[in-house]
Amino acid sequence: MSTLTITIIFVFVLGYALIATESLTKINKAAIALLMFVCCWTLYVFDPAPFMQLMHPDFKGVGEEVTQFVNDVITHHLGDTATTLFFLMGAMTIVEIVDQNGGFNWVKEVMKTKSKRGLMWRIAFMTFILSAILDNLTTSIVMIMILRKLIRDHNDRMVYASLIIIAANSGGAFSPIGDVTTIMLWNAGMITAAGVISEIFIPSLVSMVIPALILQYMLKGDIAGSVDTHEAANDEAEFDNKQRKSIFVIGVGGLCFVPIFKSITHLPPFIGILLVLGVLWTVTELFYRHLHRKKGGSEDFAKRVTNILRRIDMSTILFFLGILMAVACLQEIGVLTQLGGSLNTVFNENHYAVTGIIGVLSSIVDNVPLVAGCMGMYPIQAMGDMSVDGIFWQLLAYCAGVGGSMLIIGSAAGVVVMGLEKITFGWYMKKISWIAFVGYIAGIFCYWLIRTYIMTTPI
């Protein structure tokens, strides 16, 4: 391994360590990710020839041709990354539009019950379903906001919040649009919507149900006090109920339509998500034109899409850009290929063991670079475990998503719930981690049963 290769790896590891310790350094992880991306590729261009001979043996250019080829390689990786980023931006905007217009208020009505255990199961299944349609981060925020209106006792609320983390990660794992990692795998053509839904749904459900069965014994009796989920009418509401329902149907229905759009047109998923955003944006503009004619005054309505776009979390988008492009550099220097081969050798190509360990690692470090790294380690094969919808890729989608529940810092859902409910790392590790691990292992075993005895070949 050359000195340049070691230096690039060192920069990546250092950047990753700074991202993992964001709470201590107080430096936004997006800034570190962007610096890591730029530094890795800058080091790469110092002497790209050995890497090109390794990864692109057919290229025989010299001089300026090398520089141009490197630029083409970077542009290629940027294009692959952009498909994921545009999908995320579109999905985040759609969810924000629906949420700002009260589209999720109906969830509170569904949650009405006096029983603590009854509420727990309603929260579990609602979170599981919503996470598959939206994403685990958004779903966690929505459910915690609802939970605060239903439960006054903070100790009980921490139990419910822990279940929300588990259910959100499990629900996102079986859906091609439910988690960033599944979006990445789906965009890259390593899994299909039909394949991951049909074969990962039951393992994901098991990984949620078993922890819920255990957690229910931590909750006894009825909810103290009256539960009132009714919200007073918002004087600043811009749309009537009919218009809000229309926005909800178009937004959420559109998200569900994206996999269908891809299967019909064979176009990348981000085009489908932008189609839905375009339709929803147009409909809201027509509503605002009617509202302006009715009320007059300024046309600068607070919940107009142009204003909502300003609230989209661009730091998250830039973080994914930096991470994915830095991982692409590791791919181009051949490190990921070597690492993938080493893992296969150590575990004798047992992909259940390899993906299982990756899932455990995803509870410690961010699952996005882990999955990105695996995508670089292992090429898609025509047949076998590494083929489209093969055991490896489907298990990777499951393990990277569900594995993040084992530690509260292991997923975006866990981190946001940790902040909202002030759950400590130690409490979660002591009370919840082993429960999440039991569900995780049960899901893998369930998948093994399905692929061994029921669906022996991909759909």
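The values are calculated or read from the model by the stated rules, or taken from the named source; none is laboratory data. Bear in mind the structure is a predicted one, so any value in this text is a computation, not a measurement. Ideal geometry is used to build each Cβ from the backbone, glycine not excepted, and the neighbour counts take in all protein chains shown.
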Listed residues Thr81, Thr93; which is touching a residue at least 40 places away in the same chain (Cβ under 8 Å), among the polar types (S, T, N, Q), within 24 Å of Val371 (Cα to Cα) and part of a helix (DSSP H, G or I)? Thr81
Val415 being out of contact with any Ser or Thr (no Cβ under 6 Å at 6 or more places or on another chain), assigned to a helix (DSSP H, G or I) and under 21 Å from Leu147 (Cβ atoms): yes
For the range 370-386, pairs from a residue that is over 10 Å from Gln331 (Cα atoms) to a residue that is among the acidic types (Asp, Glu) and modelled with pLDDT under 80, with Cβ under 6 Å and 6 or more apart or across chains, are none
Output for the range 82-101, where each listed residue is of a type in the set (Gly, Ala, Ser) and crowded, with 20+ Cβ neighbours inside 10 Å: Gly90, Ala91
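Tally the residues that are of a type in the set (D, E, K, R) and modelled with pLDDT under 85, restricting the search to the range 121-166.
From the range 121-166, those of a type in the set (D, E, K, R) are 122, 135, 148-149, 152-153, 156-157; that's our starting set.
Filter once more, so that each one left must be modelled with pLDDT under 85: 135, 148-149, 152-153.
Number satisfying all stated conditions: 5.
Need a quick list: helices (runs of 4 or more DSSP H) entirely within the range 183-296 having at least 2 residues that are modelled with pLDDT of 90 or more, buried (at least 18 other Cβ atoms within 10 Å of the Cβ) and among the hydroxyl-bearing types (Ser, Thr, Tyr). Give the steps one after another, and end with the answer.
Working: elements: 193-215, 241-265, 269-295.
Counting at least 2 such residues, we get 193-215.
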Residues of the range 17-49 being closer than 25 Å to Val416 by Cα, touching a helix residue (DSSP H, G or I) at 6+ places or on another chain (Cβ under 7 Å) and not hydrophobic (A, V, I, L, M, F, W, C), in sequence order, are Glu22, Thr25, Asn28, Lys29
Exactly one of these conditions fails for Gly118: (1) touching a helix residue (DSSP H, G or I) at 6+ places or on another chain (Cβ under 7 Å); (2) over 20 Å from Glu421 (Cα atoms); (3) modelled with pLDDT of 85 or more. Give me its number. (1)
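If we keep just the residues of the range 153-167 that are of a type outside the set (Lys, Arg) and farther than 16 Å from Val402 by Cβ, which is surrounded by the fewest Cβ atoms within 10 Å (Cβ to Cβ)? Spell out the reasoning first.
First, the residues of the range 153-167 that are of a type outside the set (Lys, Arg): 153-156, 158-167.
With the extra rule that they be farther than 16 Å from Val402 by Cβ, the set shrinks to 153-156, 158-161.
On the way: Asp153: 13, His154: 11, Asn155: 8, Asp156: 21, Met158: 21, Val159: 19, Tyr160: 24, Ala161: 27.
So, considering only residues that are of a type outside the set (Lys, Arg) and farther than 16 Å from Val402 by Cβ, the one surrounded by the fewest Cβ atoms within 10 Å (Cβ to Cβ) is Asn155.
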Among helices (runs of 4 or more DSSP H) lying entirely in the range 4-64, which contain 3 or more residues that are in contact (Cβ under 8 Å) with a residue 40 or more places away in the chain? 29-44, 49-55
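Considering the range 31-81 alone, what residues qualify as being of a type in the set (Gly, Ala, Ser) and surrounded by 15 or more Cβ atoms within 10 Å (Cβ to Cβ)?
Within the range 31-81, Ala31, Ala33 meet the criteria.
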Flagged in the range 105-152 as among the aromatic types (Phe, Trp, Tyr) and surrounded by 22 or more Cβ atoms within 10 Å (Cβ to Cβ), in numbering order, are Phe128
Could you check how many residues of the range 350-391 are more than 22 Å from Phe445 (Cβ to Cβ), among the hydroxyl-bearing types (Ser, Thr, Tyr) and modelled with pLDDT under 80? 1
